[in-house]
1. Tell me which of these Ile145 doesn't satisfy, since it passes every other one: (1) under 20 Å from Cys31 (Cβ atoms); (2) part of a loop (DSSP other than H, G, I, E, B); (3) at pLDDT below 95.
2. Which of the residues belonging to segment 157-182 are hydrophobic (A, V, I, L, M, F, W, C) and either in contact with a helix residue (DSSP H, G or I) (Cβ under 6 Å, 6 or more places away or on another chain) or not in a helix (DSSP H, G or I) (or both)?
3. Give all pairs with beta carbons closer than 7 Å in which a residue from segment 138-157 that is on the phi > 0 side of the Ramachandran plot meets a residue that is at pLDDT below 95; count only pairs at least 6 apart in sequence or on separate chains.
4. What pairs can you find where one residue is in segment 104-131 and more than 20 Å from Asn59 (Cβ to Cβ), the other is in a helix (DSSP H, G or I) and within 10 Å of the ligand (Cβ to nearest atom), and their Cβ atoms are less than 8 Å apart, with a gap of 6+ or different chains?
5. Can you tell me which residue within segment 5-54, out of those that are small (Gly, Ala, Ser) and closer than 18 Å to His119 by Cβ, is farthest from the ligand (Cβ to nearest atom)?
Amino acid sequence: MTDTFFKALKTLYNDMDKTWDKIAAGYNFICNGCKDNCCTSLFFHHTYIEKDYLCHGFNKLDQDQKKTILTRADIYVKKTFSENLKTKALKIICPANENGQCLLYSFRPMICRLHGLPHELCKPGAEPIKGPGCDAGLFDEKSYIKFDRTPFYKQMAQIEMKFRQDFNKTDKIKETIAQMLI
Ligand code: SF4
């Protein structure tokens, strides 16, 4: 049954990737990695469907890769979430990142895909909420190219809602990649 959900998710991810590439090209921006690697940002993910898909990708890796990622994930979680439950954004590299490359690239969640470019999010009756791009893009020096994340968030919410109904997931989820994998 997850196949139908994975198919819908892959279609959505493709749309996101294409839009991202088009807008990045408009800025002449190429992500070559940088010292502020976004894979060191403390991102939380909020969808069960993306967690399932990420774990699906993880299960395709060979045993050695899985073991290495899980060891790194364990360290990541221990360092980031201390016993007194205080969360520390320590700029630790994501456990799925190896030598600058994402080992789960095709399965990475929405936030990993949309990061980097200046964007906006529109809520009914409110001014769009704007977000800056990453420092490496020097976007402050360039004219803004409209990148509205709203349709992507809405479509993701629809897939997630149906997934939760079908799999009886009632709790909220807020997890890092490391937490999703262990
Ligand atoms: S899943 Fe991949 S793209 Fe996302 S933070 Fe981890 S290494 Fe980076």
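1. With (1) under 20 Å from Cys31 (Cβ atoms); (2) part of a loop (DSSP other than H, G, I, E, B); (3) at pLDDT below 95 applied to Ile145, the lone miss is (3).
2. Within segment 157-182, Ile159, Phe163, Ile173, Ala178, Met180, Leu181, Ile182 qualify.
3. none
4. Matching pairs, first to second residue: His115/Cys38; Gly116/Cys38.
5. Taking the candidates together, the pick is Gly26.
The values are calculated or read from the model by the stated rules, or taken from the named source; none is laboratory data. The model shown is predicted, which means the values in this text are computed figures rather than measured ones. FYI the Cβ positions are ideal-geometry reconstructions off the backbone, even for glycines, and counts take in every protein chain you see.
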